[in-house]
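Peer 1: Take this structure first; my questions come after.
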Amino acid sequence: MRVWLLAMPSPSPVFVAGTGRSGTSRIADIIGEHPLIHRIPMETRFLVDPGGLRDLADALTDRYDPTVGEDALHRLSDFLTVRVPGRRDDRGRTVPELVGERRYRDAVQQLWPQLIAHTYDEPAPVEGFGDADRPAGPFAPLSRRRVLPRYFSDRGELLGILRGLIDTMFGGAAADAGKPTWCEKTPFNLLCMEFLWELVPEATIVHIKRHPVSVLASHLAQPWAPPTVDGALAYLKPVYQRWLTWKDTVDLTGRRYIEVKAEDLAADWPGQRRALFEGLGVDDYATASTFQSHKLANRNNQFDDETRELIEEALGKVISAMGYA
């Protein structure tokens, strides 16, 4: 386990990152079993996914023009008011239910006035066989609501507003659980670390790795991933390459960053768990969840020798760069 951190007097918020199928859910569960850290029990997605807070931060700062900004607000509104409340986990729960439905709705409602400079009505384009003087039918809309977003020349001001949304939702959920801080897991946090540290500068990012061949094998069994080896390679290789390219350009010394292999956790669970919690600034705690070697090895024989050789050749540089022989 490699840990880079600055000592802090109390536990910081935690983001869990990985390629997917690398152990992100399991390590997030373990972190959330600690008495001081509450795991947000579902991937929230609206921080780093397209149309979420990361896109909005760019659209209202570096990429700003009225059209770009309005489009970003439309997409974020759809994300927070339609997509997030409509997506359920395997137990049938939604993110608003998990962080407190009233809290979630109030936080979203209070966000918009902080992001909007002006609103106005624009005459709606005529549909059907109507024209400018005669609407197409009795129910045709006469106008549509337009929004002029604020331009934030100070990106820090916008990030402070977005951080307030996170503090309300995640911090409130942690407080409800009687814990001082929280853990959020979305695998592609892996590719958005700079933004996450912008949003929550004191956060610790835990990056869990697993042998790339095992990750690929596990992807083949997922309904959301390509079902063939060629397809899975096309899906995963750019993810690894982008992560490794970014990592080569930054100095993680002094960052609150923990990098750990799932295989190491399984090989020495008590020792690795102790090091993990030490890196998070909390005392060791014997969690109910663990990493177990036999579960990580259950896909080792999934490929015949020829297929495995093809995969290892395709991922050769990645395997080495990720720290696997």
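Peer 1: So is ALA107 surrounded by 15 or more Cβ atoms within 10 Å (Cβ to Cβ), touching a residue at least 24 places away in the same chain (Cβ under 8 Å), under 21 Å from the mean Cα position of the chain (by Cα) and under 22 Å from ASP176 (Cα atoms) or not? Talk me through it step by step, then tell me what you get.
Peer 2: Values: surrounded by 15 or more Cβ atoms within 10 Å (Cβ to Cβ): yes; touching a residue at least 24 places away in the same chain (Cβ under 8 Å): yes; under 21 Å from the mean Cα position of the chain (by Cα): yes; under 22 Å from ASP176 (Cα atoms): yes.
Spelling it out, ALA107 is indeed surrounded by 15 or more Cβ atoms within 10 Å (Cβ to Cβ), touching a residue at least 24 places away in the same chain (Cβ under 8 Å), under 21 Å from the mean Cα position of the chain (by Cα) and under 22 Å from ASP176 (Cα atoms).
Peer 1: Has the range 274-285 got any residue that is among the acidic types (Asp, Glu), closer than 17 Å to MET193 by Cα and free of Cβ contacts under 8 Å to residues at least 40 places away in the same chain? Step through it out loud before you land on a result.
Peer 2: Of the range 274-285, the ones among the acidic types (Asp, Glu) are 278, 283-284.
Those still in the list that are closer than 17 Å to MET193 by Cα too: none.
Among the residues of the range 274-285, not one is among the acidic types (Asp, Glu), closer than 17 Å to MET193 by Cα and free of Cβ contacts under 8 Å to residues at least 40 places away in the same chain, which makes the answer no.
Peer 1: Which residues, counting only those in the range 220-255, are surrounded by 13 or more Cβ atoms within 10 Å (Cβ to Cβ), modelled with pLDDT of 95 or more and assigned to a loop (DSSP other than H, G, I, E, B)?
Peer 2: LEU220, ALA225, PRO226
Peer 1: With the condition kept exactly as written, say whether any residue in the range 66-85 is farther than 21 Å from MET193 by Cβ and outside any helix (DSSP H, G or I).
Peer 2: Taking every residue of the range 66-85 in turn, none turns out to be farther than 21 Å from MET193 by Cβ and outside any helix (DSSP H, G or I).
Peer 1: With respect to ALA286, is the statement that it is surrounded by 15 or more Cβ atoms within 10 Å (Cβ to Cβ) and more than 22 Å from the chain's Cα centre (by Cα) true? Before you say what the answer is, go through the steps one by one.
Peer 2: On the way: surrounded by 15 or more Cβ atoms within 10 Å (Cβ to Cβ): no; more than 22 Å from the chain's Cα centre (by Cα): yes.
Taking the combined requirement at face value, the residue does not satisfy it.
Peer 1: In the range 251-265, how many are free of Cβ contacts under 8 Å to residues at least 24 places away in the same chain and within 20 Å of the chain's Cα centre (by Cα)?
Peer 2: Within the range 251-265, the subset free of Cβ contacts under 8 Å to residues at least 24 places away in the same chain is 251.
Those still in the list that are within 20 Å of the chain's Cα centre (by Cα) too: none.
Result for the range 251-265: 0.
Peer 1: Taking only pairs six or more apart or across chains, which ones have beta-carbon atoms under 9 Å, a first residue in the range 180-203 that is under 15 Å from PRO11 (Cβ atoms), and a second residue that is open to solvent by 20 Å² or more (accessible area, probe 1.4 Å) and of a type in the set (Ser, Thr, Tyr)?
Peer 2: Every condition considered, the pairs that remain are PRO180/SER10; THR181/SER10.
Peer 1: Do the conditions hold for ARG91, that is, is it without any contact (Cβ under 8 Å) to a residue 40 or more places away in the chain and assigned to a loop (DSSP other than H, G, I, E, B)? Break it down stepwise before answering.
Peer 2: Details: without any contact (Cβ under 8 Å) to a residue 40 or more places away in the chain: yes; assigned to a loop (DSSP other than H, G, I, E, B): yes.
Yes, satisfied.
The values are calculated or read from the model by the stated rules, or taken from the named source; none is laboratory data. Values in this document were obtained by computation on a predicted structure and should not be read as measured data. Cβ atoms come from the backbone with ideal geometry, glycine included; neighbour counts cover every protein chain shown. Surface accessibility is based on the protein's heavy atoms, side chains included, excluding ligands, DNA and RNA. Shrake-Rupley method; radii C 1.70, N 1.55, O 1.52, S 1.80 Å.
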